[in-house]
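Working notes, structure below.
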Number of protein chains: 2
Amino acid sequence: MAQRGPYAKGLAKREEILQTALEHFAVKGYDRVSVREIARECGLSQAGLLHHFSSKEELFLEVLRRRDDRNGEPFVPEHVHSVDRLIGAVDRNADEPGLVRLFVTMSAESTSVESPAHAFFEERYAWLSEQIAEDVRQHQERNEISADLDADSVAALLIAAADGLQLQWLLRPDRIDMSGLLTSLWNMLRTVSAAESKPRDPRR
Amino acid sequence: MAQRGPYAKGLAKREEILQTALEHFAVKGYDRVSVREIARECGLSQAGLLHHFSSKEELFLEVLRRRDDRNGEPFVPEHVHSVDRLIGAVDRNADEPGLVRLFVTMSAESTSVESPAHAFFEERYAWLSEQIAEDVRQHQERNEISADLDADSVAALLIAAADGLQLQWLLRPDRIDMSGLLTSLWNMLRTVSAAESKPRDPRR
DNA sequence: GTCTATATTTTGATAGAC
DNA sequence: GTCTATCAAAATATAGAC
């Protein structure tokens, strides 16, 4: 049924479209890619492609969803080792510049309410922040990180660094070691004592 | 000559256009704003606007350039207190969500070689990294930060955090204190001893 | 400096044949 | 499932009048 079922051909084509679309959206951004362009690359007409996805926006959202579920890993409560998972994901991303560019570009664009990806990224950040903060709290309970640090702040900094490093890496791939730098940061955060890191006057 | 010169009117209109364009690009992104839209807002026709700027792209680049020169501050060598200046800039940005959105969106888009802003942001990052790293080195010479830390890495992390925090702030303005968090990070980096922050195996 | 008018291109989406 | 044909709606840029 999987190989010869009535939908086998359609599903295969659907996958090819999603992969091609990912590459194009990643390189040029949502607005600069036309459905025609993706279709041609897949050996289809524009109308032929839109048989599989009812609109450009739906195609785009499906691309995002497809690449978002690296959550897998069953039998482990989600937040356990979330920071390590974040670092691992960043590390793997170093082999997929297209995917990185897609998420960097789209998360930035998503800050506009008009973006088709607005809801998607809003939920994603809320989920990720909570996962990381919970992991930080567990480290605190085990005295592996200062209990006086604010877990939500640490989470925000880690996620910010991950995002910002990916941006820099896209511009200068050979000069930025994303996962190495993120690991350094995580190690530093764990060795810092809270008393030393109280905010001072932010202005010069 | 400045007020009544033959170009006074043209220059004033030019400024109005640049300001309006900034707001629109910031909210909707380069591709989702039409020249017509900006023109109407300025009480001009599309052709009327394009009398001042030969193309949409040129208008856009001029907007970026205009908002980039907060370098000013004469009589101080550029790199001195660069980190404090970075924090100060982030702090001021909290009053200008439009400007933040413009730079976040455009720096992300600029990672594509096809982006009109590619060269602009490439140069900007190279310049900023060098400024921050040099400031870090000066702190190291004064023993205010561990000499064993790599100045370029610290610079990369600070810039990454600044960029990433701005992204998160756009999505959840009330939950992210950009300059406060960045200040915390800077303080932590200065109190960390290098021996404790040696990289370990990045994978779990 | 600003307008109207227009040329040219491109896009997303639909209808209907095969 | 895929194609051809077509529509309608944008957009940028230019020409030329005032």
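For segment A:68-198, the calculated P(r) over all alpha carbon pairs, in 5 Å bins from 0 to the bin holding the longest distance, is 2, 10, 19, 21, 20, 15, 9, 4, 0 percent. Here are some pairs, A:Lys13/B:Lys28; A:Lys28/B:Lys13; A:Lys28/B:Lys56; A:Lys56/B:Lys13; A:Lys13/B:Lys56; which of them have Cα atoms lying more than 27 Å apart in this structure? Checking Cα-Cα distances, A:Lys13/B:Lys28; A:Lys28/B:Lys13; A:Lys56/B:Lys13; A:Lys13/B:Lys56 exceed 27 Å. Taking the fewest neighbouring Cβ atoms within 10 Å as the starting point, the ordered list for B:Thr191, B:Thr183, B:Thr20 is B:Thr191, B:Thr20, B:Thr183. For a test of the definition: using alpha carbon positions, the gyration tensor, and the 1.5 limit on a/c, classify the protein assembly as shown as rounded, prolate or oblate. Oblate, because a/c is 1.5 or more while a/b does not exceed b/c. Screening chain B for DSSP H helices whose Cα atoms reach 15 Å or more along their own axis and whose mean Kyte hydropathy is at least 0.5 gives B:97-109, B:151-171. Between B:Pro116, B:Pro77, B:Pro173, the GNM of chain B built on Cα springs shorter than 10 angstrom shows B:Pro77 fluctuating the most. Helical runs (DSSP H, four residues minimum) scored at -39500 (n - 2.57) apiece and divided by the length of chain B put the mean residue ellipticity at 222 nm at -20500 deg cm²/dmol.
None of the figures in this text is laboratory data; all of them are computed from the coordinates on show. Computed from a prediction, not measured in an experiment: that's the story for all the values here. So basically every Cβ, Gly included, is an ideal-geometry build from the backbone, and we count neighbours across all protein chains shown.
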